[in-house]
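Undergrad: Before we start, here is the structure in question, set down as structure tokens.
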Amino acid sequence: MNNSTLLDLRGVSKTFGTTTALSPMDLEIERGSFVSIVGPSGCGKSTLFNVLSGLLRPDDGTITLEGNNVIGATGHVGYMLQKDLLVPWRTVLGNITLGARLKGKVTPENRELATGFAEKYGLGEFLNHYPSALSGGMRQRVALMRTLATNHQLLLLDEPFGALDAQTRFEMQQWLLQVWRDTERTVLFITHDVDEAVFLSDRVLVMSPRPGRVVDDLRVDLPRPRTLDTLVSPAFTELKARVLHQLHRERAV
Amino acid sequence: MTKKKLLVNIFGPILSVVVLISIWQSIVVWGHIASYIAPKPLDAVRSVTSNWSTLAPLTWWTIKETVYGYLAGALLGAFLGVILSKIPLMQRVLYPLLILTQAIPIIALAPPLVMILGFGVMPKVVIVAWIVFFPVTVSVLDGLNHVDKDLLTLAKVFGANPLRRFVVLEMPAAVTQLFSGLKIGATYAVTGAIIGELAASSGSSLALYQRSASGALDAAGVYGTTLIMTAIGIVWFLLVVGVEFLATPWQRRSTARRWRRGAKPVLPNN
Amino acid sequence: MVLNQYYQTIRGNRMKRNFLSISVAGAVMALSSLTVLSAGSVASASTLTSVKFVYDFPGPDMELIPVVVAAREGFFKKNGLKVSVEFPPSTSSTTQLLTTGSGDIGFITTSDMAVAVEAKAPILSVANYSMTNNWGLFAKPGSMLTLASLKGKKIFSWGDTWTNAMIPFVLKKAHLKASDVTIVTGANDTPLLMNGTIDFTTSTTNYAIPGITEATKSAPVGIVGSAAGVPNVPVWVYAVTHNYANQHGKNVKKFLAAIKAATIWASAHRAKAVADFIAAYPKSGYSKFYSTKGWNLTVPLLTNKAGKYFVQTNAQWTTLATALKGINLIKSVPAPSTYYTNKFIP
Ligand SMILES: Nc1ncnc2c1ncn2[C@@H]1O[C@H](COP(=O)(O)OP(=O)(O)O)[C@@H](O)[C@H]1O
Ligand SMILES: [Mg+2]
């Protein structure tokens, strides 16, 4: 483990009854990196996030975040679940500051930070809106802002764009990259979509079907900032092919 | 709300009431219905206004019984809903008991209540509360049991303690349900008060006034008191709807009112 | 303890004027009445004239025995009638049911009759049911109950027209103002009386005595009739609309003939009469003890000094109307013939 390692998993495993959701897994994540996890449905991706966030206790292994053992603890990562989970009775601002409210009082600093995020990332006009007035993409932005506003270095994003149409999705991907670059966070990103994984990431982890384990770990050295051109470059296609190949090889076994 | 919608919302109900009264009037007039069977609408109103000095204190009592009983029932109902939802054992122990309370005819409740509490306001308050608490409990329980599980998971991820989770997420999430229970309760409240008055009154009461009017074949008096009872019920229901309107702005507005906590004035962006 | 007493009372003796049990009981009774009462009839229905009889109370009790016996022992059939019994949704609404044609012959109090005439409802009393005023104040066995002891007491009322009409006479005789006593109204007096929540109740002998006796195992104390200051007039009558009297006088005649025969039979065979009532209305809520005692107390009320059934007098109606005018329940005293006719009496 070197200095730039943010997160370090050693032999982390999890079974549900007779189902092995995660077979012993080792994983190191570098501070500031964007890492995607792809894998077939039910291979244990969400289980991995639940273990990392402290919602589930692993059967075995150690998890070290910024040098601290975090097994069994909560409140140390920003976790955005598949659904946006905005609460309808709080405004956009109220939703972004929900994390602070859940820990105690919303301070003027919390509000200022939230307002700053919102204004910077295209939500400034909607601060006073209720979620019901927002489009799907907007809602996801608010949900991500809420995750950011908790000020945790590590963000776990579980298929955040899964429900969006292709057009919105691409806008959101670029938007996410901008946020990530500006805020210098570390992102673990689950997706079904191989294009999305390669487009966004520094690293793509491919997981096998049950029992879940990492079968491939690809570096993505495509230049940043990434644009539409990235999507049609030969290097992109090559990486994508490799990920797809891995996925299908695993599926054929 | 647009102006047109506003007009429809205000004049719709007025129109339907006017139509109803016209139908009532025509049936009485053209059907040659004797005044001791059913009065003309105006006669019913006149019976109220000309006897108002007698009716006013009775109406005031009925309002008091309704309001006190309703508030007590709503508080008790919400409290029980929370207890039931938070303590699973209670759900098994208490729930059958609560259903039992509703299976007991109110009539059977009255005499012991009168023995314990006398003939004043209290037994009526208890009867109203008895009727009102149940739909509130059921709706709160339902609301709390159906809070999105993922939302609770999220609270855990944020590291919230159970009390904060309850106050910040579960309570507001159950508010819509709570109001549906409160509205059902509001429609029953006056009925409860009237049943209570029939079951036990000292001196006079709106219910007794109506009984006497009925016995005297004073149909205008009977319908007139019905109008008063109905008016109390409608006004109370509308008050509850009004509170809901103010308490749940997100259900009909796209933005919060400016003065709401956490809101910030929207600046024109350029 | 309190509850126990209460439930005992509910089971044993639901008072006649327990007006809250009304609607449900009434509806059930109304539904069952047709079939129950015509049980045992073999003649084809088409040869019999249908008559709808409306009782004065939402549920049946022992005062209905003459009608039940007339139906079950064949007296109606013998007179060519097929009588169904209806129960009004509330007390004091029987006259309304008659005027709307929902009923043909009604059973009402004489005060209902006076109010109906005052309201210009075309109702005519065709026969007395009882002959004397057996209404009064009652208290637990062993209590002190005199007119002099009323001041400051809680007196139970059923809130119906008859009771409303009678109470002022009692107060007048006791030289009391309305504010000197507390009149309370409720669903059932006996438990409240047992419990001491009320001091006295108001009722008639044939209902109060069985009820209180059943609950306490001994007879109540009471002041009744002229002792209580109330006018000595019949309490209940049979009534029809003017229309029905004009067009179906024959039916009224046949009805009263059947009732007379049935009443004589039921007075001679009291146990059998009560058994008929219980068989017709097994769910009336009244015990056999209550109905038997009640009927025994009712029988002597049904005939006048000359031993005659039904016969009304000018004097009874004038007395009633004058008395009711005196307490402002009615505004004028009409000619007694406005109230009644004896021409259908057999
Ligand atoms: N709480 C749980 N209890 C039992 N089985 C579970 C639970 N959570 C997940 N699983 C099982 O573990 C496996 C992995 O699930 P998950 O991590 O959600 O997969 P995915 O990769 O689709 O996110 C699946 O077979 C799932 O059914
Ligand atoms: Mg998943």
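Undergrad: Could you look through region A:64-89, keep only residues that are part of a strand (DSSP E or B) and within 16 Å of ligand 1 (Cβ to nearest atom), and pick out the one that is surrounded by the most Cβ atoms within 10 Å (Cβ to Cβ)?
TA: Filtering region A:64-89 for residues that are part of a strand (DSSP E or B) and within 16 Å of ligand 1 (Cβ to nearest atom), the one surrounded by the most Cβ atoms within 10 Å (Cβ to Cβ) comes out as A:79.
Undergrad: Separate question: Mind telling me which of the residues A:23, A:13, A:36 ends up being within 17 Å of the chain's Cα centre (by Cα) and in the same structural domain as residue A:186 (by TED's automatic domain parsing)?
TA: Result: A:36 is the single residue among A:23, A:13, A:36 that is within 17 Å of the chain's Cα centre (by Cα) and in the same structural domain as residue A:186 (by TED's automatic domain parsing).
Undergrad: Which ranges mark the helices (runs of 4 or more DSSP H) fully within region A:131-248 that have 2 or more residues being within 16 Å of ligand 2 (Cβ to nearest atom)?
TA: Where helices (runs of 4 or more DSSP H) fall fully within region A:131-248 and carry at least 2 residues being within 16 Å of ligand 2 (Cβ to nearest atom), they are A:194-200.
Undergrad: Considering only residues that are more than 13 Å from residue A:49 (Cα to Cα) and within 16 Å of ligand 2 (Cβ to nearest atom), look in region A:6-19 and name the one that is farthest from the other protein chains (Cβ to nearest Cβ).
TA: Among those residues, the one meeting the criterion is A:19.
Undergrad: Any idea which of A:136, A:61, A:124 is buried (at least 17 other Cβ atoms within 10 Å of the Cβ), out of contact with any Lys or Arg (no Cβ under 9 Å at 6 or more places or on another chain) and not hydrophobic (A, V, I, L, M, F, W, C)?
TA: Only one candidate passes the filter, namely A:124.
Undergrad: Can you find a residue in region B:136-148 that is crowded, with 22+ Cβ neighbours inside 10 Å and under 30 Å from residue B:201 (Cβ atoms)?
TA: Looking for residues that are crowded, with 22+ Cβ neighbours inside 10 Å and under 30 Å from residue B:201 (Cβ atoms), one finds at least one in region B:136-148, hence yes.
Undergrad: For region A:90-121, which positions are crowded, with 22+ Cβ neighbours inside 10 Å, facing another protein chain (nearest Cβ under 7 Å) and either in contact with a Cys (Cβ under 9 Å, 6 or more places away or on another chain) or of a type outside the set (Val, Ile, Thr) (or both)?
TA: Listed by number, the residues that qualify are A:93, A:94, A:99, A:102.
Undergrad: Among the residues of region A:29-70, which ones are within 16 Å of ligand 2 (Cβ to nearest atom) and small (Gly, Ala, Ser)?
TA: Those that are within 16 Å of ligand 2 (Cβ to nearest atom) and small (Gly, Ala, Ser): A:36, A:39, A:41, A:42, A:44, A:46, A:53.
Undergrad: Working carefully through the options C:277, C:255, C:289, find the one that is more than 29 Å from residue C:50 (Cβ to Cβ), of a type in the set (Phe, Trp, Tyr) and assigned to a helix (DSSP H, G or I).
TA: Residue meeting the stated conditions: C:289.
Undergrad: Considering (1) under 16 Å from residue A:209 (Cα atoms); (2) away from chain B (no Cβ under 14 Å); (3) within 16 Å of ligand 2 (Cβ to nearest atom), say which one residue A:23 fails and leave the rest.
TA: (3)
Undergrad: Right, something else. Mind listing just one residue for me: the one in region C:182-196 that is among the β-branched types (Val, Ile, Thr), closer than 13 Å to residue B:119 by Cβ and crowded, with 20+ Cβ neighbours inside 10 Å and, of those, farthest from the other protein chains (Cβ to nearest Cβ)?
TA: C:183
Undergrad: Looking at (1) within 22 Å of the chain's Cα centre (by Cα); (2) in contact (Cβ under 8 Å) with a residue 24 or more places away in the chain, which is the one condition that is false for residue B:171?
TA: (2)
Undergrad: For the structure I just gave you, tell me whether residue C:212 is assigned to a helix (DSSP H, G or I), farther than 30 Å from residue C:117 by Cβ and not assigned by TED's automatic domain parsing to the domain that holds residue C:50.
TA: yes
Undergrad: Also: Within region A:23-41, restricting attention to residues that are in contact with a Lys or Arg (Cβ under 7 Å, 6 or more places away or on another chain) and closer than 20 Å to residue A:11 by Cα, which residue is nearest to ligand 1 (Cβ to nearest atom)?
TA: Ranking the candidates gives A:39 first.
Undergrad: Sticking with this structure for a sec: What number goes with the only condition from (1) away from ligand 1 (no atom under 16 Å from the Cβ); (2) at pLDDT 95 or above that residue A:189 does not pass?
TA: Looking at each condition in turn, residue A:189 falls short on (1).
Undergrad: Now, a different point. Out of A:102, A:86, report the one residue that is without any contact (Cβ under 8 Å) to a residue 12 or more places away in the chain and over 17 Å from residue A:187 (Cα atoms).
TA: Checking each option against the conditions leaves just A:102.
Undergrad: Something else about it: Filter region A:42-54 down to the residues that are closer than 16 Å to residue A:152 by Cα and more than 9 Å from ligand 1 (Cβ to nearest atom) and list them by number.
TA: Once the filter is applied, which keeps residues that are closer than 16 Å to residue A:152 by Cα and more than 9 Å from ligand 1 (Cβ to nearest atom), region A:42-54 yields A:52, A:53, A:54.
Undergrad: Pick from region C:71-88 the residues that are away from every other protein chain (no Cβ under 11 Å) and part of a loop (DSSP other than H, G, I, E, B): which of them is nearest to the chain's Cα centre (by Cα)?
TA: Across region C:71-88, the extreme among qualifying residues is C:87.
Undergrad: Filter the helices (runs of 4 or more DSSP H) completely within region B:98-186 down to those with at least 3 residues that are of a type in the set (Lys, Arg) and within 14 Å of chain A (Cβ to nearest Cβ).
TA: none
The values are calculated or read from the model by the stated rules, or taken from the named source; none is laboratory data. All figures in this text were calculated on a predicted structure; none of them were measured in a lab. With ideal geometry, Cβ positions are generated from the backbone for all residues, glycine too; neighbour counts draw on all protein chains shown.
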